[in-house]
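Only one structure is covered here, and it is reproduced in the block below.
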Amino acid sequence: QVRLLDSGGGLVQAGDSLRLSCATSGFIFSTNHMGWFRHAPGKEREFIAAISCNGRTTYYGDSVKGRFTISRDNAKNTVYLQMNTLKPEDTATYYCAAHENSERLRGGTANYWGRGTQVTVSS
C-alpha cells in the first residue's frame with residue numbers, strides 16, 4: 001500500500017521557520033521525483049518545490065524562492081521542505097507528491113499525494 005505521510009505543520013508567527021516532512025512507503029522512492037504543493041482556501045493549488053530522484057536538481061515556485069528549501073533522503077524514503085521567513089500568505093495546506101516525470105510533477109500531475117499538513121502563519 002502506498003503511503004505519503006505529510007507532517008510538521010503548525011501555527012507560527014511571521015518570520016518563523018518550519019520543516020515539513022513526507023515519509024513514504026509502498027513505492028520505489030528513489031525513482032520518483034518529489035514535490036510540494038500548497039492549497040489555500042479560495043485559491044488554486046500552487047506548485048512550491050520539486051526535487052529530482054537523486055536530489056541534485058531542485059525547482060521552486062517564484063513565491064518561495066530564497067526562503068524554502070526542498071531536500072530528500074533516499075535511505076529514509078523521505079522528502080523535506082525547510083520553510084524560513086514565513087509570511088501570512090504562506091498559510092495553506094501543504095501536500096507532498098510523487099511522479100516519475102519531473103515536468104509532469106511540476107505541472108501538478110502526481111502518481112501519489114500525501115494527505116496534507118496545515119501551516120498557519122500569523123502576522
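Brief remarks follow.
- Comparing Phe29, Val121, Leu4 along the charge dipole axis of the chain, the residue lying farthest to the positive side is Phe29, per the Cβ-charge model.
- Taking every C-alpha pair closer than 8 Å and separated by at least 6 residues, the mean separation divided by the residue count of the chain gives a relative contact order of 35 percent.
- Per residue solvent-accessible surface (Å²) - the chain, probe of 1.4 Å: 52 Å²
- One compactness figure for the chain is 0.97, namely its Cα radius of gyration divided by 2.2 N^0.38 Å.
- The distance separating the Cα centre of region 1-39 from that of region 73-91 comes to 7 Å.
- Expected 222 nm ellipticity per residue - DSSP helices of 4 or more, -39500 (n - 2.57), all of the chain, to 500: -1000 deg cm²/dmol
- Anisotropy class of region 24-74 from Cα gyration tensor, a/c 1.5 cut: oblate
- The dipole here belongs to region 16-123: it is taken about the Cα centre, uses +1 on the Cβ of Lys and Arg and -1 on the Cβ of Asp and Glu, and is about 120 debye.
- Region 68-123: equivalent-ellipsoid semi-axes (sqrt of 5 x gyration tensor eigenvalues, Cα, Å): 23, 14, 11
The values are calculated or read from the model by the stated rules, or taken from the named source; none is laboratory data. Worth saying up front: this structure is predicted, and the values here are computed from it rather than measured. Ideal geometry is used to build each Cβ from the backbone, glycine not excepted, and the neighbour counts take in all protein chains shown. Side chains are part of the model used for accessible areas, which takes the heavy atoms of the whole protein and leaves out ligands, DNA and RNA. Shrake-Rupley method; radii C 1.70, N 1.55, O 1.52, S 1.80 Å.
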